[in-house]
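Every number here is computed from the coordinates shown, using simple stated rules; none is lab data. Values in this document were obtained by computation on a predicted structure and should not be read as measured data. We place every Cβ from the backbone using ideal geometry, glycine too, and count neighbours over all the protein chains shown.
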């Protein structure tokens, strides 16, 4: 009988700290890590590299099936596509544009769902996203829904941008975050939702260390 693989899912809205918490928890546990948000962007990079027409669904599917992805949890996330570090390409506007096109194909979503589930390997997996506990790993025993108020998330984003010397407007950032939350929660396919058996954590007034402690207490 195969040994069951433990899975921890961490879902929640953008800016709640999921990425940082998930990576640090995976590192502490020595588990594998899945950043589901990077999956579609990685496919976009792969499609771009292969000079494929976005309307050629069968070619896009072929690339989706054959691409090999690795996530490395150092101080920052490193994403490797077929062995090549593509981290810097993931945040490009062009990558985001292609990702939103290919993500609309149901056949592509089905292939990438399987890709995400393939990350479930011993000694365990920490999966970060918006539908990890509800759609991708509904059978997971450990689930977290990590959120924070829109104001607090906007404040964090504002600080990040100012530190990078990028002009930012906190009112506009708050408005964009609220609009994105609505889109994520109201979309037809795999909407952002809290799994009924998830631990709810509001990180508005917590440090990263306090959130990690709560998550590790859940597992232990």
Over the range 166-206, consider all pairs of different Cα atoms and compute the Kirkwood hydrodynamic radius from their mean reciprocal separation; express it in Å, one decimal.
12.6 Å
Base-10 log of normalised Debye intensity for the chain (one unit scatterer per alpha-carbon) at q = 0.10 Å⁻¹:
-0.45
Which value, in nm² and rounded to one decimal, describes the direction-averaged projected area of the C-alpha convex hull of the range 95-199?
8.6 nm²
Evaluate the distance, in nm, between pseudo-label points positioned 7 Å from the Cα of residue 107 and of residue 183 along their respective Cα→Cβ axes.
2.6 nm
Divide by every residue of the chain the summed helix terms, -39500 (n - 2.57) for each DSSP H run of at least 4, and state the resulting mean residue ellipticity at 222 nm, rounded to the nearest 500 deg cm²/dmol.
-14500 deg cm²/dmol
How many percent of DSSP beta bridges within the chain run antiparallel, rounded to 5?
30 percent
Among 196-204, 183-191, how do they line up by average Cβ neighbours within 10 Å per residue, starting with the highest?
196-204, 183-191
When the gyration tensor of the range 1-50 is built from Cα positions, what are the square roots of 5 times its three eigenvalues, in whole Å, from largest to smallest?
24, 18, 10
Restricting to Cα pairs under 8 Å and 6 or more apart, the percent relative contact order of the range 109-220 works out to 35 percent
Rg/Rh over Cα atoms for the range 1-99, Kirkwood Rh, comes to 1.01
Virtual spin-label span in nm between residue 159 and residue 200, 7 Å along Cα→Cβ:
2.5 nm
